[in-house]
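To start, the structure itself, in structure tokens.
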Amino acid sequence: MAESVDMVREHLPDSVESFGRLGIIKDGIYKRIEYAIENVFDICAILNADLHLGVPGTDEDILENLVQHGVFAPDMRQSLKAMKGFRNIVVHRYGAIDDALAFSILTEHIGDFALFRQEVERFLQSFEDGAPRELRQ
């Protein structure tokens, strides 16, 4: 996830006009952000399974389980739902993506990956410190 996000940051230009002219580099940005978002949801699924939070039917169920049990704050769930929505646009409407909207989303929300990572690391650190955080029931 971090490698993909770093690559996106490295190649994301300063203006939407420049972004629109990137050609194959822009395609790579879309592919890397798609991959990073998939990594986020893979991590969520692993947490849900390893913590025995229940058998989810959807990614939404996984997020709900993680929030209900105190792994993530509700605002993180909203950020992750927005990520998933953006990923779906990239995957299912690839040829018709509004580059201006995509550029805006990327520049405004690329930091959400770091926030996600911080929340996961904070949660995992509670286990490494020998005092596991109590999961909400």
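The values are calculated or read from the model by the stated rules, or taken from the named source; none is laboratory data. All of these numbers come straight from a predicted model, not from anything done at the bench. Glycine also receives a Cβ, built like all others from the backbone with ideal geometry; neighbour counts cover every protein chain displayed.
Before moving on, here are some points about what is shown:
- Test: residue in segment 54-72 that is surrounded by fewer than 18 Cβ atoms within 10 Å (Cβ to Cβ), within 18 Å of VAL120 (Cα to Cα) and of a type in the set (Gly, Ala, Ser): yes
- Scanning segment 39-65 for residues that are acidic (Asp, Glu) and over 17 Å from MET76 (Cβ atoms) gives a single hit, ASP50.
- Given (1) of a type in the set (A, V, I, L, M); (2) modelled with pLDDT under 95; (3) closer than 29 Å to PHE127 by Cα, index of the condition MET83 fails: (2)
- Residue check, ASP14 surrounded by fewer than 19 Cβ atoms within 10 Å (Cβ to Cβ), farther than 17 Å from PHE113 by Cβ and touching a Gly at 6+ places or on another chain (Cβ under 9 Å): no
- Checking ALA114, ALA100 one by one, the residue that is modelled with pLDDT of 90 or more, among the aliphatic types (A, V, I, L, M) and under 15 Å from ILE29 (Cα atoms) is ALA100 and no other.
- The single residue among LEU80, LEU53, LEU63 that is touching a Lys or Arg at 6+ places or on another chain (Cβ under 8 Å) and in contact (Cβ under 8 Å) with a residue 12 or more places away in the chain turns out to be LEU63.
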